[in-house]
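Coordinate-derived values only; no laboratory data. What you see is a predicted model; the values in this text were computed from it and never measured. All Cβ positions, glycine included, derive from the backbone under ideal geometry; neighbour counts span all protein chains shown.
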Amino acid sequence: MNKVNTLIIGSGAAGLAAAVRLHAQNVHDIAIFTEGLKMGTSINTGSDKQTYYKLGMYGTEGDSPCMMAKDLSAGGAVLGDLALVEASLSPLAFHHLVSLGVPFPHDVYGQYAGYKTDHDPKRRATSCGPYTSRDMCRALIDEVQRRGIHVEEHRLCHKLLTDKAGTRVIGAVFLDMETGKWKAVQAENVIFATGGPGGMYAASVYPKVHNGGIGIALEAGAKAYNLAESQFGLASIKFRWNVSGSYMQVLPRFVSTDQDGNDEREFLREYFATPAEMYDAIFLKGYQWPFSAGHVPGSSLIDIFTYIETVERGRRVWLDYRSDPADLEFNALNEETRTYLERSGAWESTPLKRLELMNAPAIELYRRYGIPLDKEMLEIAVCAQHNNGGLAGNLWWESINLKHLFPIGEVNGSHGVTRPGGSALNAGQVGAFRAAEFIAAKYQDDTVSVEEYAAVMAEEHAKRFVQLEKTAQLNWKEERLALQQRMSKAGAFVRSASEVEAALNEVYKQYDALSADGLGGLTPKELTETLRNLHLCYAQIYYLECILMQIDYIGSRGGSMVLADDGKPIHPLLAEKWKIQEEKKEMRDCVMVCGRGENGLPVIAWEKCRPVPECDGWFETIWKEFRTGDVYGTGEAK
Ligand SMILES: Cc1cc2nc3c(=O)[nH]c(=O)nc-3n(C[C@H](O)[C@H](O)[C@H](O)COP(=O)(O)OP(=O)(O)OC[C@H]3O[C@@H](n4cnc5c(N)ncnc54)[C@H](O)[C@@H]3O)c2cc1C
């Protein structure tokens, strides 16, 4: 396994799907190298109803790829042609999962009914329940095994190898996480499916085991789109899980305590005129779950009040499902809240009883992870959840500037400012299908000479030798904590130019220190974590530079708000600094592109969004292009 046609790095829902699809297209010279089949976000995460977004397929409601693409790009900063691909392939990718046994529900006629998710005007969302992405992974792993696809676990990718000119990838270097030995693999193509940048944040709902690997590709020179666009929301932190939907709609008590769990108080009360107003806001938070600058003032104030309590006042915040306060009056709630609870048949005497009626598995989930909601409170914070941006791909998910590299899944940045809930899982499957099809059609031949690969490897080997000769001085845990806390403070959902500038100052220094340190004398575990720190830190430079650019050029939008002296006050009871900088809306027509400049530092530019193509093709012409292979073109976006 030192040479393959296509190397798949990462085994989340996206990487696994790519391997299966390649194999189905008769590309058998492939291998998956991964930290582990049980690592990553897909197999370790979920939500109260984890959503998969696809074309509408139910009843009489009309839908089409073009309509769906328009909705995928409605939030702005999206390339319309990529959105059209995501929409067009969504039925194929979805039915592929169904055919592998993923239990998406259908009715007696075989119709896959859907529901409306956020930013979705139709009912395109579907779900297998709380563990949709885990169900997808399990079915895909079974298929990988049935097909006998080679998988190597405990492999940490540390470096993507590029040709001398830096225009294409030719392989990758891995650390065996158990033995501390190195292994290089030559590959004609690399499908890069390492997920979102979970390890970069202290407050995070990405699974603890998931760190992501985007820094490796950025270091190799791959360009990225929209890195500043991320999603944040309220989540439990002992066991990491979004507290969206019914967790809020049953109206838990929001409580804060000091660090030792004493001095309990219902901190939200200070911001609302009446208890009913407070509870209506909590209810709304349930289905306006991620923080949104557009909901300030509005339901996202709940995220801000929680942030102030945890980050500024240094207290801990909890949800208490065990009892209602005496002044919660059902009849005082607004009509929307009352109707919902009435229709759900869920007006009961405690939040827990209401949750039991509305979504009993939601209680069971926490019990399984050692948090009985009938006995204890649930600690929460506003956490990083998803990166809408990521590496930049073309119409076939090939990197726009580093050929033969295919970033797919969350590490690919095809989403813009907002995205319909569930479109991340769809985009991952679609990217896998596109990359596999293109590789099968165009990239099966060997085009890199053994000599060229050997020369690149020799250089790499020499560098590693120097690093290993030098004894490591830095403590990886302290370095990780510093970089995570910095990002949660400056690069999460509350941003300001001064905080980001200060963070940038620190991260450049940290990266220099990490790069200058040796790798000698480390255990395999320490080596693994030190290498992760290096690429997380490198990625953080890019993210923070993009965030600073976003503050300068755009202001508040999507999943983040910018504080500015000349901004608009957001709440009369908040301190002077809580003024929101308004958005420059015209920038929604642009995608932010970031890549490595000549001096190794990020260079940022803007690209006009391409519209969703209006297609009225002629069957015979399309058929001919398909037969002759012209459909693959040069792989460039049109
Ligand atoms: C709490 C939560 C709820 C969510 N809910 C939804 C939802 O309802 N709908 C939706 O569409 N999306 C949702 N998402 C987002 C979605 O789950 C992820 O975007 C998606 O699962 C990512 O899949 P992936 O295959 O790209 O990456 P992952 O599943 O994260 O897999 C990455 C793989 O790469 C490996 N890897 C990483 N770095 C390296 C390296 N250096 N070397 C080797 N291997 C490496 C990992 O071990 C793993 O195998 C949610 C996310 C969270 C955190």
TODO: Net charge near A497: determine it from the other residues with C-beta under 11 Å of the C-beta of A497, scoring Lys and Arg +1 and Asp and Glu -1.
DONE: -3
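With an 8 Å cut-off on Cα pairs and a minimum separation of 6 or more residues, tell me the relative contact order of region 232-384 in percent. Don't skip to the answer; put the middle values down first.
Details: 243 pairs, mean separation 50.4, N = 153.
For region 232-384, the relative contact order is 33 percent.
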Task: Debye log10 I(q)/I(0) at q = 0.10, 0.12 Å⁻¹ for the chain, Cα point scatterers - done: -0.90, -1.31
- [ ] Grab the beta carbon distance between S323 and E478, set R0 = 30 Å, and tell me the FRET efficiency rounded to 0.05.
- [x] 0.15
- [ ] Would you mind working out the magnitude of the charge dipole of the chain relative to its Cα centre, with +1 at each Lys and Arg C-beta and -1 at each Asp and Glu C-beta, to the nearest 20 Debye?
- [x] 820 debye
Task: Residue-count net charge about D445 - beta-carbon cut-off 14 Å; Lys, Arg +1, Asp, Glu -1 - done: +1
TODO: Using per-residue counts of other Cβ atoms within 10 Å, averaged over each peptide, order 167-176, 590-599 from highest down.
DONE: 167-176, 590-599
Task: Karplus (6.51, -1.76, 1.60) ³J(HN,Hα), θ = phi - 60°, over region 172-186, in Hz, Gly and Pro reported as x - done: 7, 10, 10, 9, 6, 5, 8, 9, x, 8, 9, 8, 10, 10, 7
Task: Cβ-Cβ FRET estimate between D446 and R313, R0 fixed at 60 Å, reported to 0.05 - done: 0.50
Open item on the list: Which three extents, in angstrom, do the Cα atoms of region 475-583 have along their principal axes, listed largest first?
Closed with: 55, 27, 21
Open item on the list: Please list, ordered by chain and number, the residues whose modelled amide H lies under 5 Å from the amide H of Q50; skip anything fewer than 5 residues away on the same chain.
Closed with: G129, Y131, T132
TODO: Would you please give the FRET efficiency between D616 and Y553, computed as 1/(1 + (r/R0)^6) with r the Cβ-Cβ distance and R0 = 25 Å, to the nearest 0.05?
DONE: 0.10
- [ ] Would you pull out the residues with amide H under 5 Å of W606's amide H, same chain only if 5 or more places away, H placed 1.01 Å from N?
- [x] V593
Open item on the list: Under 5 Å between amide hydrogens, which residues at least 5 positions from I32 or on another chain qualify, with H placed 1.01 Å from N in the peptide plane?
Closed with: I8, H150, V151, E152
Task: Gyration tensor verdict on region 531-638 (Cα atoms; rounded if a/c is under 1.5, prolate if a/b is larger than b/c, oblate otherwise) - done: oblate
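What percent do you get for the relative contact order of the chain when only Cα pairs under 8 Å and 6+ apart count?
Numbers: 1405 pairs, mean separation 133.0, N = 638.
Once normalised by length, the contact order is 21 percent.
Sorted from fewest to most neighbouring beta carbons within 10 Å, what does the list S399, S256, S99 look like?
Details: S399 25, S256 20, S99 10.
Sorted ascending by nearby Cβ count, the order is S99, S256, S399.
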Task: Karplus (6.51, -1.76, 1.60) ³J(HN,Hα), θ = phi - 60°, over region 40-50, in Hz, Gly and Pro reported as x - done: x, 7, 4, 7, 10, 9, x, 7, 4, 8, 6
Open item on the list: Shape verdict for region 1-140, please, from the Cα gyration tensor: rounded (a/c under 1.5), prolate (a/b greater than b/c) or oblate.
Closed with: prolate
Open item on the list: How big is the dipole moment of region 286-374 about its Cα centre under a simple scheme where the beta carbon of each Lys and Arg is +1, that of each Asp and Glu is -1, and everything else is neutral? Debye, nearest 20, please.
Closed with: 340 debye
TODO: Please give the length that would be gained between W182 and E61 if that part of the chain were fully extended, namely 0.36 nm times their separation in residues minus their C-alpha to C-alpha distance (nm, one decimal).
DONE: 38.1 nm
- [ ] Order the peptides 610-622, 33-45, 142-154 from the highest to the lowest mean number of other Cβ atoms within 10 Å of their residues.
- [x] 33-45, 142-154, 610-622
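First check a/c for region 232-384, with a ≥ b ≥ c the square roots of the eigenvalues of its C-alpha gyration tensor; if it is under 1.5, answer rounded, and if not, answer prolate when a/b is larger than b/c or oblate otherwise. Provide the component values of the computation, followed by the final result.
Working: a/c = 1.37, a/b = 1.10, b/c = 1.24.
Since a/c stays below 1.5, the shape of region 232-384 is classed as rounded.
Please list 301-310, 463-472, 112-121 highest first by mean number of surrounding beta-carbon atoms within 10 Å per residue.
Numbers: 301-310: 21.4, 463-472: 12.9, 112-121: 18.0.
Top to bottom by mean Cβ count within 10 Å: 301-310, 112-121, 463-472.
Okay, helix-only estimate at 222 nm for the chain: each DSSP H run of n ≥ 4 adds -39500 (n - 2.57), divide by all residues, round to 500 deg cm²/dmol; what do you get?
On the way: 17 runs with 227 residues, N = 638.
Computed ellipticity for the chain at 222 nm equals -11500 deg cm²/dmol.
What length, rounded to one decimal in nm, is gained on full extension from M457 through to R265, with 0.36 nm per residue of separation minus their alpha-carbon distance?
Working: separation 192, 0.36 × 192 = 69.12 nm, distance 6.02 nm.
Answer, rounded to one decimal: 63.1 nm.
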TODO: Work out, step by step, the length gained on full extension between T167 and Y369: first 0.36 nm times the residue separation, then minus their alpha carbon distance; give nm to one decimal.
DONE: 68.0 nm
Task: Flagged links, alpha-carbon separation over 28 Å, of K208/K585; K70/K442; K38/K477 - done: K208/K585; K70/K442
TODO: Consider a paramagnetic label point 7 Å from the Cα of E376 along Cα→Cβ; state which residues of region 305-326 have an amide N under 15 Å from it.
DONE: 317-322
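Beyond 20 Å between alpha-carbons counts as too far, so tell me which of K181/K509; K54/K608; K3/K463; K54/K116 fall in that bin.
Values: K181/K509 29 Å; K54/K608 26 Å; K3/K463 22 Å; K54/K116 11 Å.
Too far apart for the 20 Å limit: K181/K509; K54/K608; K3/K463.
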